[in-house]
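The values are calculated or read from the model by the stated rules, or taken from the named source; none is laboratory data. Note that this is a predicted model, so its numbers are computed, not measured. Neighbour counts run over all protein chains shown; Cβ positions are idealised from the backbone, glycine included. Accessible surface areas use protein heavy atoms only, side chains included; no ligands, DNA or RNA. Shrake-Rupley method; radii C 1.70, N 1.55, O 1.52, S 1.80 Å.
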Amino acid sequence: RLFEQAATERGHLSLLYEIGRELATSLDPDEILKRAITLTSEAMGARLGEAFLFLPEENRLSLRALHGGPPQWRSILDDKLSLTPEKGLPAWIINKRQPVNIPDVTKDPRWLHIPGIDEDIRSALMVPILQGGHLLGSLAVLHRQPGAFSTNHLDLMQAICQEVGLALSNASQYQEVQRRLAEITLIQNLVQTFNRRIELQV
């Protein structure tokens, strides 16, 4: 039993290292979420994996990456969730800022069924991505088997979301620096233009 526990923990640490290494090479939020949910879903044997980015101006989680389904599912799911922002697990995550582990989605009122996509889904695990107390997004993994996710899976997902939160925060800071640099460059160009006009007038 101790050997199995040590092997499990070693596997989790290896996964966290791999995710941290993958996320460190990108400063694009969508790419960060895509890499994170792909590695997480494969490690947990999930049927579907979903990665959301929080949009404060709309107060909703926008689905940015999907693992385990055709690409067109992402827009279908996102449209469905945006039409019912007060329902489903994303709404619960926004309001509670806490992870949720559902052993049987057919018996949970928080589950928002989408015909044609989640017919074979029985259990779900969804964890918020937090940084400095602010909600940045969320990761969710969905499984065919009921009760597929344990407390160990929940702990692992929370650790993964901490890594993702750090990567998203770094990406946001980089984008802010780029925006300020563009503003400064624009101001410099305007000043140079005005100076040339003043010299011509003189």
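Using a probe of 1.4 angstrom, how much of the accessible area of the chain is carbon and sulfur, in percent?
Values: 6240 of 11810 Å².
Heavy-atom surface of the chain belonging to carbon and sulfur, 1.4 Å probe: 53 percent.
How tilted is helix 29-44 with respect to the longest principal axis of the chain? Cα atoms for both, answer in degrees (0 to 90, nearest 10). Between the helix axis and the principal axis of the chain, the angle is about 10 degrees. Judged by the mean number of other Cβ atoms found within 10 Å, the most tightly packed of the peptides 123-129, 166-172 leads the ranking 123-129, 166-172. If you find the alpha carbon centre of segment 38-85 and of segment 3-33, how far apart are they in angstrom? Each part's Cα centre sits 20 Å from the other's. Calculation over all alpha carbon pairs of segment 1-116 in 10 angstrom steps from 0 returns a P(r) of 12, 37, 35, 14, 2 percent. Comparing R64, R179, R110 in a Gaussian network model of the chain where C-alpha atoms under 10 Å apart are linked, the largest mean-square fluctuation is found at R179. Looking only at segment 43-63, which residues have a backbone nitrogen under 19 Å from a spot 7 Å from the Cα of Y174 in the C-beta direction? What the label zone holds, given the 19 Å backbone N cut-off, is 52-54.
For the ranges 32-39, 92-99, what's the packing order if you count other beta-carbon atoms within 10 Å of each residue, average per peptide, and put the highest first?
Details: 32-39: 23.2, 92-99: 15.6.
Averaged packing, sorted descending, gives the order 32-39, 92-99.
Rolling a 1.4 Å probe across the protein heavy atoms gives the chain an accessible surface of 58 Å² per residue.
Short to long, the 10 Å bins of the Cα pair-distance histogram for segment 23-71 hold 27, 48, 24, 1 percent of all pairs. Between the Cα long axis of helix 151-201 and the first principal axis of the chain there is an angle of about 10°, rounded to the nearest 10.
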